[in-house]
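Have a look at the structure below, then the notes.
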Amino acid sequence: MVKHNAIDPAGDAAKVRGELEALRDQVVAATEQGAEAAKPVELDQQRVGRLSRMDALQGQEMARAAERRRDIELRKIEAALSRLDRGDYGWCVRCGEEIAAERLRHDPAVPVCIDCAQGASDA
Ligand SMILES: [Zn+2]
């Protein structure tokens with residue numbers, strides 16, 4: 001398959017870069033806020049007041065899980081930015097087919113086409 005431009009280099013690339021950078025800024029800001037919640041429970045005892053230690057531990061675990069999700073999201077966004085730099089943006093990293101524009105609009109950092117996303121559990 002000949003690669004036609006999924007992204008117009010002059011127009012869309014700059015727009016997509018702006019969207020990806022905005023997403024990255026959001027994730028970074030949320031990570032900085034979340035780092036506070038993920039601090040060790042011992043340090044939280046005064047701040048949480050009447051919350052039980054169990055509640056504090058659960059909150060901490062949730063904060064850590066959110067942090068892991070943000071970390072994955074951040075890597076995904078940075079990978080998309082580097083694909084944009086290489087001119088590979090908009091092409092499935094798994095099979096090389098074009099990723100549907102609708103799918104990219106929904107999530108500009110998405111790395112795989114719909115077929116590969118649906119088959120991901122088999123891989
Ligand atoms: Zn694919």
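The values are calculated or read from the model by the stated rules, or taken from the named source; none is laboratory data. The model shown is predicted, which means the values in this text are computed figures rather than measured ones. When we count neighbours, we look across all protein chains shown, and the Cβ atoms used for this are built from the backbone with ideal geometry, even at glycine.
Of note:
- Across the stretch 64-104, the number of residues qualifying as over 21 Å from Lys15 (Cβ atoms) and small (Gly, Ala, Ser) comes to 3.
- The single condition from (1) touching a residue at least 40 places away in the same chain (Cβ under 8 Å); (2) within 16 Å of the ligand (Cβ to nearest atom) that Arg103 fails is (1).
- Total residues in the stretch 105-123 satisfying the condition of being within 19 Å of Lys15 (Cβ to Cβ), part of a helix (DSSP H, G or I) and either at pLDDT 95 or above or of a type in the set (Phe, Trp, Tyr) (or both): the figure is 0.
- Residue list for the stretch 77-87, restricted to those being surrounded by 15 or more Cβ atoms within 10 Å (Cβ to Cβ) and in contact with a helix residue (DSSP H, G or I) (Cβ under 9 Å, 6 or more places away or on another chain): Ile77, Ala80, Leu81, Leu84
- Number of positions in the stretch 70-100 that are over 16 Å from Arg24 (Cα atoms) and either within 15 Å of the ligand (Cβ to nearest atom) or in contact with a Pro (Cβ under 8 Å, 6 or more places away or on another chain) (or both): 14
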